[in-house]
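The next block holds one structure in the form of structure tokens; read it before the comments.
The values are calculated or read from the model by the stated rules, or taken from the named source; none is laboratory data. Note that the structure is predicted; figures quoted are calculated from it, not measured. As a convention, Cβ positions derive from the backbone with ideal geometry for all residues, glycine included, and neighbour counts pool all protein chains shown. To get the accessible areas, we keep the full protein, side chains included, count just its heavy atoms, and leave off ligands, DNA and RNA. Shrake-Rupley method; radii C 1.70, N 1.55, O 1.52, S 1.80 Å.
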Amino acid sequence: MKRIITITVLNRPGVLNRITNLFTKRNYNIESISVGLTELEGVSRMTCVVHVENDGMVEQITKQLNKQIDVLKVADISDQAIVARELALVKVPVLPQNRAEIYSLIEPFRASVIDVSKDSIIIQLTGETEKIEAFIELIKPYGIRELARTGTTAFPRGNQRTSQQKTYSFV
Amino acid sequence: MEAALKETKAVTKEISGADLLVRALEKENVEVIFGYPGGAVLPIYDKLYDSKILHVLPRHEQGGIHAAEGYARISGKPGVVIATSGPGATNIITGIADAMMDSLPLVIFTGQVATGVIGTDAFQEADILGITTPITKYNYQVREIKDIPRIIKEAFYIATSGRPGPVVIDFPKDLAAGFLQEPELADPEMRLPGYQPTTEPNYLQVRKLSEAVSKAKKPVILAGAGILHAKASALLKEYAEKQNIPVVHTLLGLGGFPAGHELFLGMAGMHGCYTANMALYHCDLLINIGARFDDRLTGNLQHFAPKATVAHIDIDPAEIGKNVATQIPVVGDAREALKQLQKLDGKPPQQQEWLETLGAWKNDYPFYYEENDVLKPQKVMELLYEKTAGEAIVVTDVGQHQMWAAQYYPFKTADRWVTSGGLGTMGFGLPASIGAQLADPEATVIAVLGDGGFQMSTQELAVIAEFQLPIKIAIFNNKALGMVRQWQEFFYQERYSHSKNPVQPSFVKLADAYGIKGYEIHSEAEAHTILNEVLHDNEPVLLDFRIDGAENVYPMIAPGKGIHEMVGVRK
Ligand SMILES: Cc1ncc(C[n+]2csc(CCOP(=O)(O)OP(=O)(O)O)c2C)c(N)n1
């Protein structure tokens, strides 16, 4: 099953290395990891999408992350009401005869064309992973020249806070 | 005007990065540094020249870090290591990984090339932060001179608090050599908002444990090295006695509970004793205090404590539930948890029948070996025990001899046992004994080594000779990589692929070359005489025990088997 884990870390040298290393060392399967600054100076936030076999594994991952000295907060937000987004850039070749067809796909996905050249366009798309994947499936037959995805970033909706760390029996 | 100028000068006196380092070490009351100089740490060495801290020069950096581990294990204080950049730093990697596995507090300084050339593959540059990240509790690279006092203070705190572990500080040469123009820094403030180890356990969980104890019919305590780190052995004894609960030890926990005690069942695990393993198999309540359910202890997890409610007290929450499903998790220091348990004063379990069964097993299935006309390693251990009244510090290497030491030297007290458990590092024993002896100069220290492992750190004899450390080096010489040979005998149809040592130096002559007395010992009678002669001498000695090369360690749980499936339990 897929879980979304957010990690708030002190932005110190080597911190990203420490976190990604942990995933390798413990043999965890990460689908994506995205990192960026937050509203607090010196604090970054990572969003990891991981595949796990059972709840015990998420618990282990969370505890191992929590143990890291630079980690301020870890939360498995998968079961909360969240907004999760990722951004994808897709470069697709266009021919005069399929241009209209391709453009007709873009609109329903609320994607936009951000670059146009003689024989190709770059489409920008944001949304949940499922939406991005559906779009990629549809556009595939036209030939994808290049594809780049940011990985998911997410947080809870409304007035829930990420700091509501998933609690385990012993905490 | 002039007076005012003089005054400012007095406060803004210059201080170098290396100076700050040495001062910080003095402030942490560091007694001994295990270090090896080189280009990148020369500024630091120049300052050490004037310092009162004892400096021990191993003959290989790996020896230095193992010595620091031995020192940390016996003294309870952090071991301090210095290595130069590049090869100096990569030479200590094994020791860092070893300390991480066995939760030993170390503060390690590695030299680094100057900040301006980091990342250019400069001479003797290695990415030590990158290399050590997965095997350290934490690591730093100094970026500004003014941070040095804070970083060192934090490093000592992190290494020694919570679950102890190694911390690396990578120190670029220009920052050690550079000066700070600022007024002398006051006590630095630590900045570790993400690090708050839990020491005080949750009362509700402790109460749950206490209730489970009252209901149990077959309770057992599994005591790990967490007992030793928390200095909780006296409390453990009090609690076990009060509730009449038997105690099993892990390899690393030995000494936490007195071996002769009637509630003591012995060491469990792959080469543990029958009673201890069977107690873990049949118990209905397993109270793990400070052990991490390592696979060498549990055997096949499917058959581990299958009928038990599992309670686990550990300072590291990530250990709880990692390998064994746990119904009563108690996060906290073993000492605090035992104190709370004591206070709760729960009803003792109804375990009379259980204690009788265990007593019968203890009686029927002691460790055993068969004697013949060749010197038996178990006999040597028994003699060492007898002639040191069981009060020596025993340091081992890794292999068969390590298991015989664990089986035949029943420790009466805590902190007399140094062994590489988690990583199982050959070459650990001899240097670790140096650190142990420095930590406790009055103690009799016995280094129990295999002939293979001894040859991995032979060069450290020089340190023993230099400081005239009265270590008793006992080589269990079976002219083989014995543990490997044993596995090949059992599991690879006696195909002894590269496990028999074809060439071996004369260890006695080797010792002699370092100015250390040495004896070859071929029989029990010789062992008696020579041990009587040398054990209480205040000088080093090397004893080359020519033991039976065919001897195996029993009992044994074959890999993949359950804890109840021991072989070789009885004559
Ligand atoms: C650095 C290292 N290399 C290899 C091993 C694998 N190993 C475990 S025990 C052993 C044999 C040790 O032989 P010896 O030191 O003679 O001790 P004995 O088993 O004979 O008592 C080996 C090779 C190890 N534990 N550590």
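Per this entry, A:Ala154 is counted among residues that are at pLDDT below 95 and open to solvent by less than 70 Å² (accessible area, probe 1.4 Å). Residues that are away from chain B (no Cβ under 14 Å) number at least 3 in the following strands (runs of 3 or more DSSP E) confined to the range A:38-143: A:43-51, A:82-93, A:112-116, A:120-127. As a summary of the residue check, B:Gln124 satisfies the conditions (1) buried (at least 24 other Cβ atoms within 10 Å of the Cβ); (2) more than 14 Å from chain A (Cβ to nearest Cβ); (3) among the polar types (S, T, N, Q); (4) in contact (Cβ under 8 Å) with a residue 60 or more places away in the chain except for the one numbered (1).
Checked against (1) at pLDDT 95 or above; (2) within 24 Å of B:Ala439 (Cβ to Cβ), B:Lys509 passes all but a single condition, namely (2).
Looking at the range B:347-418, the helices (runs of 4 or more DSSP H) lying wholly inside it that each contain 1 or more residues that are outside the structural domain of B:His282 (by TED's automatic domain parsing) and within 16 Å of the ligand (Cβ to nearest atom) sit at B:377-387, B:400-408. Restricting B:Ala325, B:Ala334, B:Ala305, B:Ala276 to residues that are of a type in the set (Gly, Ala, Ser), at positive phi and in contact (Cβ under 8 Å) with a residue 12 or more places away in the chain narrows the list to B:Ala305. For the range B:105-121, filtered to residues that are of a type in the set (Ser, Thr, Tyr) and open to solvent by 10 Å² or more (accessible area, probe 1.4 Å), the residue that is nearest to the ligand (Cβ to nearest atom) is B:Thr120.
For B:Glu241, are the conditions met, namely being assigned to a loop (DSSP other than H, G, I, E, B) and either among the acidic types (Asp, Glu) or open to solvent by 10 Å² or more (accessible area, probe 1.4 Å) (or both)? Considered against the rule, which asks whether it is assigned to a loop (DSSP other than H, G, I, E, B) and either among the acidic types (Asp, Glu) or open to solvent by 10 Å² or more (accessible area, probe 1.4 Å) (or both), B:Glu241 comes out as no.
State yes or no: is A:Ile82 among the aliphatic types (A, V, I, L, M) and within 26 Å of B:Pro197 (Cα to Cα)? No.
Every residue, every condition in (1) assigned by TED's automatic domain parsing to the domain that holds B:Asp284; (2) among the β-branched types (Val, Ile, Thr); (3) within 30 Å of B:Lys153 (Cα to Cα); (4) out of contact with any Lys or Arg (no Cβ under 8 Å at 6 or more places or on another chain), yes or no:
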| residue | (1), (2), (3), (4) |
| --- | --- |
| B:Arg191 | no, no, yes, no |
| B:Ala225 | yes, no, yes, yes |
| B:Leu236 | yes, no, no, yes |
| B:Gly255 | yes, no, no, no |
| B:Pro258 | yes, no, no, no |
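Residues are listed down the side, and each one gets a yes or a no for (1) surrounded by 19 or more Cβ atoms within 10 Å (Cβ to Cβ); (2) in the same structural domain as B:Glu28 (by TED's automatic domain parsing); (3) within 16 Å of the ligand (Cβ to nearest atom):
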residue: B:Lys52; (1), (2), (3): no, yes, no
residue: B:His66; (1), (2), (3): yes, yes, yes
residue: B:Gly70; (1), (2), (3): yes, yes, no
residue: B:Ile74; (1), (2), (3): yes, yes, no
residue: B:Gly79; (1), (2), (3): yes, yes, no
residue: B:Ala83; (1), (2), (3): yes, yes, no
residue: B:Pro87; (1), (2), (3): no, yes, no
residue: B:Asp98; (1), (2), (3): yes, yes, yes
residue: B:Ser103; (1), (2), (3): yes, yes, no
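Scanning the range B:29-49 finds no residues that are open to solvent by less than 10 Å² (accessible area, probe 1.4 Å), in contact with a helix residue (DSSP H, G or I) (Cβ under 8 Å, 6 or more places away or on another chain) and among the acidic types (Asp, Glu). Applying the criterion of being touching a strand residue (DSSP E or B) at 6+ places or on another chain (Cβ under 8 Å) and modelled with pLDDT of 95 or more to the residues of the range B:331-366, the residue that is most open to solvent (accessible area, probe 1.4 Å) is B:Lys362. Do you know which residues across the range A:62-94 are among the acidic types (Asp, Glu) and open to solvent by less than 30 Å² (accessible area, probe 1.4 Å)? Of everything in the range A:62-94, those that are among the acidic types (Asp, Glu) and open to solvent by less than 30 Å² (accessible area, probe 1.4 Å) turn out to be A:Asp70, A:Asp76, A:Glu86. Contact map, the range B:404-433: first residue on the phi > 0 side of the Ramachandran plot and open to solvent by 10 Å² or more (accessible area, probe 1.4 Å), second residue near the ligand (Cβ under 9 Å from one of its atoms) and polar (S, T, N, Q), Cβ cut-off under 9 Å, separation 6 or more or different chains; pairs are B:Gly424/B:Gln402.
Can you list the strands (runs of 3 or more DSSP E) lying wholly within the range B:462-571 that have 1 or more residues being open to solvent by 70 Å² or more (accessible area, probe 1.4 Å) and assigned by TED's automatic domain parsing to the domain that holds B:Val394?
Working: elements: B:472-477, B:517-521, B:541-546.
It comes to B:517-521.
Flag set for B:Ala443, criterion: open to solvent by 10 Å² or more (accessible area, probe 1.4 Å), over 20 Å from B:Gln378 (Cα atoms) and touching a strand residue (DSSP E or B) at 6+ places or on another chain (Cβ under 6 Å). Criterion applied to B:Pro441, B:Pro431 was being more than 16 Å from the ligand (Cβ to nearest atom) and closer than 30 Å to B:Leu54 by Cα, and the one residue passing it is B:Pro441.
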